[in-house]
1. Quick one: in segment 44-58, of everything that is of a type in the set (Phe, Trp, Tyr) and in contact with a strand residue (DSSP E or B) (Cβ under 8 Å, 6 or more places away or on another chain), which residue is surrounded by the fewest Cβ atoms within 10 Å (Cβ to Cβ)?
2. Outside any loop (DSSP other than H, G, I, E, B), under 15 Å from VAL4 (Cα atoms), without any contact (Cβ under 8 Å) to a residue 24 or more places away in the chain and among the hydrophobic types (A, V, I, L, M, F, W, C) - does that describe any residue in segment 28-39?
3. Could you tell me how many of the residues in segment 68-81 are touching a Gly at 6+ places or on another chain (Cβ under 8 Å) and either at pLDDT below 85 or within 16 Å of GLY17 (Cα to Cα) (or both)?
4. Within segment 59-72, count every residue that is surrounded by fewer than 16 Cβ atoms within 10 Å (Cβ to Cβ), more than 17 Å from ARG7 (Cβ to Cβ) and of a type outside the set (A, V, I, L, M).
5. Identify, by number, the condition in (1) at pLDDT 95 or above; (2) in contact with a helix residue (DSSP H, G or I) (Cβ under 9 Å, 6 or more places away or on another chain) that ALA51 doesn't meet.
Amino acid sequence: MEDVAFRFKFDGRALTGTLFGDEFDLPIAEASFAGDQVRFTVITTNYYSGAKVKFTYTGAVKGPEMELVRERVPTPEDKSANRAPAKQTLKLKRMD
């Protein structure tokens, strides 16, 4: 996985944010935050096929850190979705 960063905003009711990558910036969607648990999705477009690829992120906030599990969600147009979904664990640190 390439280097990524997230910027989150929680206003007490809604969680919004952006995933910043080396060559792209993508909004988070379907976001929720309750207690220390966070969940959201990010949809990318495959450069070669143009197919949409959806990833679900779930995890927990622990002080200044967040541990997320990223999982690819099969979509009808994603031809590579026939393989078993791969999970990756990401550990994020807060940067002020």
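1. Looking at residues that are of a type in the set (Phe, Trp, Tyr) and in contact with a strand residue (DSSP E or B) (Cβ under 8 Å, 6 or more places away or on another chain), I get PHE55.
2. no
3. Filtering segment 68-81 down to residues touching a Gly at 6+ places or on another chain (Cβ under 8 Å) leaves 68-69.
Next, from what is left, pick out any that are either at pLDDT below 85 or within 16 Å of GLY17 (Cα to Cα) (or both): 68.
Here the count works out to 1.
4. Total meeting the criteria: 4.
5. Just one mismatch for ALA51, condition (1).
The values are calculated or read from the model by the stated rules, or taken from the named source; none is laboratory data. This is a predicted model, so every value here is computed, not measured. Every residue, glycine as well, gets a Cβ built from its backbone with ideal geometry; the counts of neighbours run over all protein chains shown.
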